1. Hey, could you check region 151-170 for residues that are touching a Lys or Arg at 6+ places or on another chain (Cβ under 8 Å) and among the charged types (D, E, K, R) and say which is surrounded by the most Cβ atoms within 10 Å (Cβ to Cβ)?
2. Which residues, counting only those in region 92-115, are small (G, A, S) and buried (at least 20 other Cβ atoms within 10 Å of the Cβ)?
3. If only one of D148, D118, D173 is farther than 25 Å from R29 by Cα, crowded, with 16+ Cβ neighbours inside 10 Å, touching a residue at least 12 places away in the same chain (Cβ under 8 Å) and not hydrophobic (A, V, I, L, M, F, W, C), which one is it?
4. Checking G30 against (1) closer than 17 Å to F65 by Cβ; (2) not in a loop (DSSP other than H, G, I, E, B), only one condition comes out false. Which one?
5. Could you tell me whether D118 is modelled with pLDDT of 95 or more, in contact with an Asp or Glu (Cβ under 9 Å, 6 or more places away or on another chain), of a type in the set (D, E, K, R) and within 30 Å of V85 (Cβ to Cβ)?
6. Please verify whether region 185-207 includes one or more residues that are of a type in the set (S, T, Y), surrounded by fewer than 21 Cβ atoms within 10 Å (Cβ to Cβ) and over 21 Å from E90 (Cα atoms).
7. Which residue pairs have Cβ atoms under 6 Å apart, sit 6 or more places apart or on different chains, and have a first residue in region 177-203 that is over 19 Å from L111 (Cβ atoms) and a second that is among the acidic types (D, E) and surrounded by 14 or more Cβ atoms within 10 Å (Cβ to Cβ)?
8. Look at G158 and say whether it is over 11 Å from the mean Cα position of the chain (by Cα) and either of a type in the set (K, R) or closer than 22 Å to T125 by Cβ (or both).
Amino acid sequence: MLEGALGEIRGRAEPLTVAGRTDSGVHARGQVASHLGAPVSAGRINAGLPYDVRVLASEAAPEGFDARADAVSRLYRYRVLARSVRSPLEARRALHWRRPLDRDALERCALLLVGRHDFTAFTPTQTEHRFFEREVARADWCSGDSPDVIELWIEADGFLRRMVRILVGTMLDVAAGRRSVADFERLLEGRPRAEAGDTAPPHGLFLEAVRYPGESGPARL
C-alpha cells in the first residue's frame, strides 16, 4: 500500500525496499524503506494511506542506500500479557498467557541466545534460507509498558522467517515446565524444526528499530 501511495503521487510505479519483512499481523513501529528518486514529504504520502499506516519521516539518503542490504541489525520486541484475565486493550498487541510462568527460566533462555548460533530449529522447514546462523547482540525479558506485560527484546544481525515467534513459543514451553533450559540450549545447535515449540501468534511481535553503519550502540528507535 505504501508503494501504491507513492505511485499515485509520482504517476508511476515506485518499488520499495524495506529493512525487515513482517508477517501479516506483525506490527512495525521502526520499519525503514528506501526507493529511487527524490523523497516525497511524509504528509503527502500519509494522505494516501489507510489510518493504521503512517510514515514518520521521509528524507534524502546517501546515493545507493538500500534499506535492507545496508542494515547492520534489527531490534524486535515480543509482548506477553501474563495473567489469568484477558485485556481488551491488549487483544491485538500481546499474546495472552494465562498459565504460571517461571521468569527465571525465561531469562536464562534469553541469555543463551546471545552470540552466534544455528537457528534451524526456529524457522519453518520449507524455507528459502540457505544459511541458518545468526549473531544475536541482545536478548532479554523485561517488564513491559503495561501492568502484567513482559517483553522479549532481541537484536541480531538478521532474522530467519518466524524466528522470533518460534523462539518465544519455545521459551514459553520452558517457562511452563514443558521442557528444560538444557533442552532449549540444544536447539541452538541446529536441531530440526520439529524439536522446537509452537509458533507464537503474530500480534505480539513488533519490529522496533533498525541500525545502519556508523550508528553506535543499540538499534535506533
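1. E155
2. Of everything in region 92-115, those that are small (G, A, S) and buried (at least 20 other Cβ atoms within 10 Å of the Cβ) turn out to be A94, A105, A110.
3. It is D173.
4. So the condition that G30 fails would be (2).
5. no
6. no
7. G190/D118
8. No: the conditions fail for G158.
The values are calculated or read from the model by the stated rules, or taken from the named source; none is laboratory data. Given the structure is predicted, the values throughout are model-derived calculations rather than measurements. Counting neighbours? That spans all protein chains shown, and the Cβs are built from the backbone with ideal geometry, glycine included.
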